[in-house]
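The values are calculated or read from the model by the stated rules, or taken from the named source; none is laboratory data. Computed from a predicted structure; not experimentally measured. For neighbour counting, all protein chains shown are included, and Cβ atoms are generated from backbone atoms with ideal geometry for every residue, glycine included. Remember, those area values only see protein heavy atoms, side chains included, never the ligands or the DNA or RNA. Shrake-Rupley method; radii C 1.70, N 1.55, O 1.52, S 1.80 Å.
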Amino acid sequence: YVARKIYKENLHASKTINNFYAKLKGRVRWRKLQMSVRALHSLGRAYIVRMHVNRMLEAVQMLQLCARRFLKRNNVHYTKVKVALYIQGWFKGSRERRLMKEAVDYLDKKRKERFRARAVKKAQNRWKSLMIRRRFKQLVQASNTLQQFARARQQRRHFNSMKSVATGLQSGFRGLKDRDRVREVRNAKMLQEEEDAVFTANKNEAQNLANLNAGRAQGLAGGKSRNFRFDLLDVDILVAINDVYPEGWSKNVLTLDEEVAKRGRRIKSVCVGAAHTTALTDTGEIYTWGWSDCGQLGHGSHQQETKCRPLETLMLQSDALDDVVIERVISGKMSIKCVCAGEDHTLALADTGKVFSWGGGRKGQLGHGDFKNIAFPRCIQGLKWATVSIVCGSNHSVAIGHNGALYTWGAECAMAGMNVSNNRAECVNSKGDISFPTNMKDAVKTKIKRVCCGSKFTL
């Protein structure tokens, strides 16, 4: 049974394969037959097209041959017709001229008149063309003359403009050289005047200093000693100070020394700024004189003081929360133990440990949290603890607290790139200047005993 089943399956498979092969073979035979028929069709169509084209070419050639023969016959016919017509016309004309002699003479006369008219017109045209050419040549010459004149005029204008420019440049260069020469002469004159003014000022200061020392020596010789601790040894002036100190700097010091001597006092220290001077007596009184364009004199105004003037507004600017200061203000015994001057600002240290500042504050050197000038003393609220020492640079200030802490404020160039906390960010401007006392504890880990300032640095 199994063998019969396998045999039937193989038989069925072989029949299927035979049928598929027979169909495939029939399709291949049909395809070949179809391709052969198509090839025969293509050959037949090509043959028919060639035959049709050949017949058309033969027809065209035949038509061309007929046309050429027709044109040739027609040309010969027309030539014969033209010759015959010409001969007929000549014969008829000669016969008519013999029969109509008067008309021929009239026509001949008219022909001669037309010839003369044409000759006259031709001569006139010739003459007109001659005149036109002559006029054209005249116009060309005139235009050439005008163009030459215009070019010459334009060149003259260009030359004149270049000449004026050259003259202007030469005059400008000569004027520049003359102005430079005048400027050099003026600078030399100003320098000589400045040197003369400095020499005169040094001479006057030396004379005033000699008078001061002579007066003191005379006082000592007369037994009127005031137990001087400080003497003015020398005054050296590098620039003219006539505008700042018209009567001389040492004369003001001499006058102040005489005034305080009448009250039994003496000058303890003198600080000099760019254009102002501050003097401190042994009793804690402050005198200022010089320029006050930024309020550096502390008198509440910007008026120049040519003579020593006591600083009276300091009594009204103390901290009201301090009982000692309140008592000093009421009794009028505010005492200053130290004073220092920057370029255009001043600091004062009271015996209570409070620090006062006034003058120029555009770079924050006053320490009040803003960048404004102040013309009267004002207590620095940022220094909470007692201060023992103060120093000024040109545009920055430094203070030492009682515990050795170092505080700085002012111009960025002297602040060593300090960082300020966010709650004091409004006290720093775009240039990095700080207008509030800042503790240097991050930069300086030890206690500070003494500090001094240069123009843009601190030691």
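Is at least one residue of the stretch 265-287 in a loop (DSSP other than H, G, I, E, B), under 20 Å from residue 198 (Cα atoms), open to solvent by less than 70 Å² (accessible area, probe 1.4 Å) and touching a residue at least 24 places away in the same chain (Cβ under 8 Å)? Please lay out each step first, then the result.
At the first step, the residues of the stretch 265-287 found to be in a loop (DSSP other than H, G, I, E, B) are 265-266, 273-275, 282-285.
Keeping just the survivors that are under 20 Å from residue 198 (Cα atoms) gives 273-275.
Right, trim to open to solvent by less than 70 Å² (accessible area, probe 1.4 Å) and you get 273, 275.
Keeping just the survivors that are touching a residue at least 24 places away in the same chain (Cβ under 8 Å) gives 273, 275.
Looking for residues that are in a loop (DSSP other than H, G, I, E, B), under 20 Å from residue 198 (Cα atoms), open to solvent by less than 70 Å² (accessible area, probe 1.4 Å) and touching a residue at least 24 places away in the same chain (Cβ under 8 Å), one finds at least one in the stretch 265-287, hence yes.
Residue 222 is checked against (1) at pLDDT below 75; (2) open to solvent by 90 Å² or more (accessible area, probe 1.4 Å) and fails just one. What number does that condition carry?
Among (1) at pLDDT below 75; (2) open to solvent by 90 Å² or more (accessible area, probe 1.4 Å), residue 222 violates only (2).
So, of the residues in the stretch 168-208 that are of a type in the set (A, V, I, L, M, F, W, C) and closer than 11 Å to residue 237 by Cα, which turns out to be surrounded by the most Cβ atoms within 10 Å (Cβ to Cβ)?
Here is the first cut: in the stretch 168-208, the ones of a type in the set (A, V, I, L, M, F, W, C) are 169, 173, 176, 182, 185, 188, 190-191, 197-199, 201, 206.
Remaining after also requiring closer than 11 Å to residue 237 by Cα: 197-199, 201, 206.
Values: 197: 16, 198: 17, 199: 12, 201: 21, 206: 15.
Looking at residues that are of a type in the set (A, V, I, L, M, F, W, C) and closer than 11 Å to residue 237 by Cα, I get 201.
Based on this model, can you work out whether residue 103 counts as surrounded by 10 or more Cβ atoms within 10 Å (Cβ to Cβ), small (Gly, Ala, Ser), in a helix (DSSP H, G or I) and at pLDDT 90 or above? Explain how you work it out, then say what you get.
Numbers: surrounded by 10 or more Cβ atoms within 10 Å (Cβ to Cβ): yes; small (Gly, Ala, Ser): yes; in a helix (DSSP H, G or I): yes; at pLDDT 90 or above: no.
Judged against the criteria, residue 103 is not a match.
Can you tell me which of (1) at pLDDT below 90; (2) open to solvent by 20 Å² or more (accessible area, probe 1.4 Å) is the one residue 294 doesn't meet?
Among (1) at pLDDT below 90; (2) open to solvent by 20 Å² or more (accessible area, probe 1.4 Å), the lone unmet condition for residue 294 is (1).
Of the residues that make up the stretch 371-390, is at least one among the basic types (Lys, Arg), assigned to a loop (DSSP other than H, G, I, E, B) and within 42 Å of the chain's Cα centre (by Cα)?
Kept after step one, since they are among the basic types (Lys, Arg), are these residues of the stretch 371-390: 372, 378, 384.
When the remaining residues are screened for being assigned to a loop (DSSP other than H, G, I, E, B), the result is 372, 384.
Then drop every residue that is not within 42 Å of the chain's Cα centre (by Cα), which leaves 372.
Checked the stretch 371-390: at least one residue is among the basic types (Lys, Arg), assigned to a loop (DSSP other than H, G, I, E, B) and within 42 Å of the chain's Cα centre (by Cα).
Looking at 393, 367, 361, can you tell me which residue is closer than 20 Å to residue 273 by Cα, buried (at least 21 other Cβ atoms within 10 Å of the Cβ), touching a helix residue (DSSP H, G or I) at 6+ places or on another chain (Cβ under 6 Å) and modelled with pLDDT of 90 or more?
Numbers: 367 fails: touching a helix residue (DSSP H, G or I) at 6+ places or on another chain (Cβ under 6 Å); 361 fails: touching a helix residue (DSSP H, G or I) at 6+ places or on another chain (Cβ under 6 Å).
Answer to the selection: 393.
Would you say residue 309 is modelled with pLDDT of 85 or more, closer than 30 Å to residue 425 by Cβ, open to solvent by 20 Å² or more (accessible area, probe 1.4 Å) and assigned to a strand (DSSP E or B)? Outline the logic, then answer.
Details: modelled with pLDDT of 85 or more: yes; closer than 30 Å to residue 425 by Cβ: no; open to solvent by 20 Å² or more (accessible area, probe 1.4 Å): yes; assigned to a strand (DSSP E or B): yes.
No; evaluated as a whole, the condition is false for this residue.
Within the stretch 418-425, does at least one residue satisfy the condition of being surrounded by fewer than 18 Cβ atoms within 10 Å (Cβ to Cβ) and either part of a strand (DSSP E or B) or modelled with pLDDT of 90 or more (or both)?
Our first condition is that a residue be surrounded by fewer than 18 Cβ atoms within 10 Å (Cβ to Cβ); within the stretch 418-425, this holds for 418-425.
When the remaining residues are screened for being either part of a strand (DSSP E or B) or modelled with pLDDT of 90 or more (or both), the result is none.
No.
Would it be correct to say that residue 58 is modelled with pLDDT of 90 or more and over 60 Å from the mean Cα position of the chain (by Cα)?
Numbers: modelled with pLDDT of 90 or more: yes; over 60 Å from the mean Cα position of the chain (by Cα): yes.
So residue 58 passes the test.
Scan the stretch 330-355 for residues that are closer than 13 Å to residue 311 by Cβ and modelled with pLDDT of 85 or more and jot them down.
Correct list: 336, 339, 341, 346, 347, 348, 350.
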